[in-house]
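The values are calculated or read from the model by the stated rules, or taken from the named source; none is laboratory data. From a predicted model like this one, the values you see are computed outputs, not experimental measurements. All Cβ positions, glycine included, derive from the backbone under ideal geometry; neighbour counts span all protein chains shown.
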Amino acid sequence: MKHLIVTADDVGLHRGMTLGVIRAHRQGIVTACSVVGCGAELDHAVDRLRDCPALDVGAHLMLVEGRPLSPPSSVPTLVTSDGGFVQDYRLFVARYARGRVSLSDVEAELRAQLECVLASGLSPCHLNGHQHVHVLPRVFEIVLRLAAEYRIPYVRIPDDRVPAGVPIGRRAAVALLRGLARRARRLARAAGLYVNDATIGIAQAGHLDASRLGRLLPAVAGVTELVTHPGVDGAEIGRSWDWGYEWDAETGALCDPAIAAALSDRGIELVGVRAAVA
């Protein structure tokens, strides 16, 4: 049997992102979402999620972009001169590779984010990372410890199936991520955690219209996680988060009845995280 978890990331970063996720859950195929503990709009997100009991909530751990929950002076290796995180995963990886990221800083900040999500009344059942830096060696070991401590049974492994037509630079970056992900999968399974067999959607993050999404479905096998970024009023979101994402188009694709029909035709069962680990 082929099972597909459809996860929408970035809940709590911007109200438009959160509202897009909820629309794609109520009217479409989204079964899980990832909440940013240090998101500026976390309170708004928590309020809206109370009305979505079937949407499986997880924590979207952030070490890149945005601002930490910890006082910047207490996590100095994670921040820049303005007290915010570095603005790109490549900058974080370069700092990490030079030994300039303190693992104690990482653990303190990720713990603070998890505690914030829990204090809001949400009960996260899965973990993943913004820009997927959670699978970096040593960082992932911290994530595993936190998952065990907080009894969170599932961690995303960003082992993406890249479709044809993806630019070569993006394809190379995803290939490097896949190598880290496969190491992380071995560690997670050894620790007794549940993980997905594959992901789809990462290579085309923020640009999943209905046509692109439909072409990803043949890659679904075992437990596959579709990683998505829906939103409403993308022009407004873009004023705060200049990623060039097509948030509204992605919301429309996830709500397109033709996609739900294609899943049925291919014998793909939509599941949430809790069902996948049951």
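Structure notes:
- Filtered residue count, region 239-259, keeping only those that are among the aromatic types (Phe, Trp, Tyr) and closer than 12 Å to His25 by Cα: 0
- Every pair of residues 6+ apart whose Cβ atoms lie under 8 Å, when the first sits in region 1-12 and is at pLDDT below 95 while the second is assigned to a strand (DSSP E or B): Met1/Glu269
- Test for Leu144: is it in contact with a Gly (Cβ under 8 Å, 6 or more places away or on another chain) and either surrounded by 14 or more Cβ atoms within 10 Å (Cβ to Cβ) or of a type outside the set (Gly, Ala, Ser) (or both): no
- Entry remark, region 147-160: residues being charged (D, E, K, R), out of contact with any helix residue (DSSP H, G or I) (no Cβ under 6 Å at 6 or more places or on another chain) and either surrounded by fewer than 24 Cβ atoms within 10 Å (Cβ to Cβ) or not in a loop (DSSP other than H, G, I, E, B) (or both) number 2 in total.
- Scanning region 261-273 for residues that are assigned to a helix (DSSP H, G or I) and under 24 Å from Ala45 (Cα atoms) returns a single hit, Val273.
- Positions within region 52-83 being free of Cβ contacts under 8 Å to residues at least 24 places away in the same chain and closer than 30 Å to Ile259 by Cα, in sequence order: Pro53
- Candidate set: region 191-245, residues that are within 18 Å of the chain's Cα centre (by Cα) and among the hydroxyl-bearing types (Ser, Thr, Tyr); chosen: the one farthest from Ala172 (Cα to Cα): Tyr194
- Residue within region 161-172 that is at pLDDT below 95, surrounded by 13 or more Cβ atoms within 10 Å (Cβ to Cβ), not in a loop (DSSP other than H, G, I, E, B) and not aromatic (Phe, Trp, Tyr) present: yes
- Scanning region 1-15 for residues that are on the phi > 0 side of the Ramachandran plot and outside any loop (DSSP other than H, G, I, E, B) yields a single hit, Asp10.
- Selection status of Cys33, surrounded by fewer than 19 Cβ atoms within 10 Å (Cβ to Cβ) and either within 19 Å of the chain's Cα centre (by Cα) or within 16 Å of Cys116 (Cβ to Cβ) (or both): no
- Residue list for region 232-266, filter: touching a residue at least 60 places away in the same chain (Cβ under 8 Å), of a type outside the set (A, V, I, L, M, F, W, C) and on the phi < 0 side of the Ramachandran plot: Gly234, Glu236, Ser240, Asp248, Glu250, Thr251, Asp256, Arg266
- Region 123-135, residues that are surrounded by fewer than 20 Cβ atoms within 10 Å (Cβ to Cβ) and either more than 24 Å from Ala205 (Cβ to Cβ) or of a type in the set (Gly, Ala, Ser) (or both): Ser123
- Qualifying residue in region 227-248 (condition: farther than 27 Å from Pro68 by Cβ and in contact with a Lys or Arg (Cβ under 7 Å, 6 or more places away or on another chain)): yes
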